[in-house]
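Below is one structure, written out as structure tokens, with a few remarks after it.
The values are calculated or read from the model by the stated rules, or taken from the named source; none is laboratory data. Not measured: the values here are computed from a predicted model. Note: ideal-geometry Cβ built from the backbone for every residue, glycine included; neighbour counts use all protein chains shown. Note: accessible area is taken over every heavy atom of the protein model, side chains too, but ligands, DNA and RNA are not part of it. Shrake-Rupley method; radii C 1.70, N 1.55, O 1.52, S 1.80 Å.
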Amino acid sequence: MIVDPSLYSRMVLKSILATSGYSVCCEVASGKEALQKFEKVRPDMVLVEAQMPDMDGVEAAKILTEERIAPVLLLSAYSQQELVQRARQAGVAGYLVKPFRESDLTPAIEVVLARFSEFRALEREVASLGDALETRKLVDRAKGILMDTQGLNENDAFRRIQKMSMNNRKSMRSVAEVIILAHQVSEQ
């Protein structure tokens with residue numbers, strides 16, 4: 001997706017992207033238009049001009065970045081530290097200063113796409129680790145309940161949960177949640 005108020009700039013970017021083997025799914029002239037179309041077209045990447053009349057490109061980039069659908073490469077004729085800092089805080093994945101050559105744009109796109117892919121993989125890994133930690137906590141709590149209520153040692157309590165999991169074709173987390181819930185009900 002290209003977001004740039006200048007028709008000429010959009011045409012040049014589209015031509016460069018086509019030459020480099022990329023296709024443009026959407027071109028818009030403003031940040032507001034980009035926000036409206038972003039969810040519908042779900043682009044792999046968004047190239048945003050920093051200076052736009054209706055909405056600052058950095059602000060549009062921040063909103064687009066928060067959606068975590070696609071990385072944003074900010075394009076600007078300015079390289080002031082304040083603008084770069086705002087772009088960084090907005091979560092922009094890349095920043096390219098105009099005028100640039102085709103040989104500048106393609107590597108920037110490749111790096112941004114690679115970093116975004118790595119970021120998404122890390123997000124999935126963090127979510128998976130969080131889920132594993134929560135499962136472990138629940139299983140430990142269920143083991144404690146079995147140890148207290150049935151006089152089992154820790155290994156036997158774990159094996160009981162494991163066996164119930166296999167016999168009922170449920171995850172150990174589900175079995176642990178049932179044990180905890182049953183214990184809570186019995187205490188009331």
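Below, the figures for the structure above:
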read-out: Filter pass, V126 being over 17 Å from V3 (Cα atoms), touching a residue at least 12 places away in the same chain (Cβ under 8 Å) and either β-branched (V, I, T) or in a loop (DSSP other than H, G, I, E, B) (or both); value: no
read-out: Matching residues in the stretch 8-53 - criterion: being within 22 Å of the chain's Cα centre (by Cα) and more than 26 Å from R120 (Cα to Cα); value: none
read-out: Failed criterion for A93 (all others in (1) more than 21 Å from L75 (Cβ to Cβ); (2) within 18 Å of the chain's Cα centre (by Cα) hold); value: (1)
read-out: Residue in the stretch 144-155 that is exposed (fewer than 10 other Cβ atoms within 10 Å of the Cβ) and on the phi < 0 side of the Ramachandran plot present; value: yes
read-out: Within the stretch 165-179, tally of residues that are closer than 13 Å to T135 by Cβ, part of a helix (DSSP H, G or I) and open to solvent by 40 Å² or more (accessible area, probe 1.4 Å); value: 4
read-out: Of residues in the stretch 86-96 being open to solvent by 60 Å² or more (accessible area, probe 1.4 Å) and not hydroxyl-bearing (S, T, Y), the one nearest to A114 (Cα to Cα); value: R88
read-out: Filtered residue count, the stretch 98-131, keeping only those that are under 23 Å from G57 (Cα atoms), over 11 Å from the mean Cα position of the chain (by Cα) and either at pLDDT below 85 or among the hydroxyl-bearing types (S, T, Y) (or both); value: 6
read-out: Subset tally (residues that are open to solvent by 40 Å² or more (accessible area, probe 1.4 Å) and either in contact with a Phe, Trp or Tyr (Cβ under 7 Å, 6 or more places away or on another chain) or hydrophobic (A, V, I, L, M, F, W, C) (or both)) for the stretch 1-58; value: 7
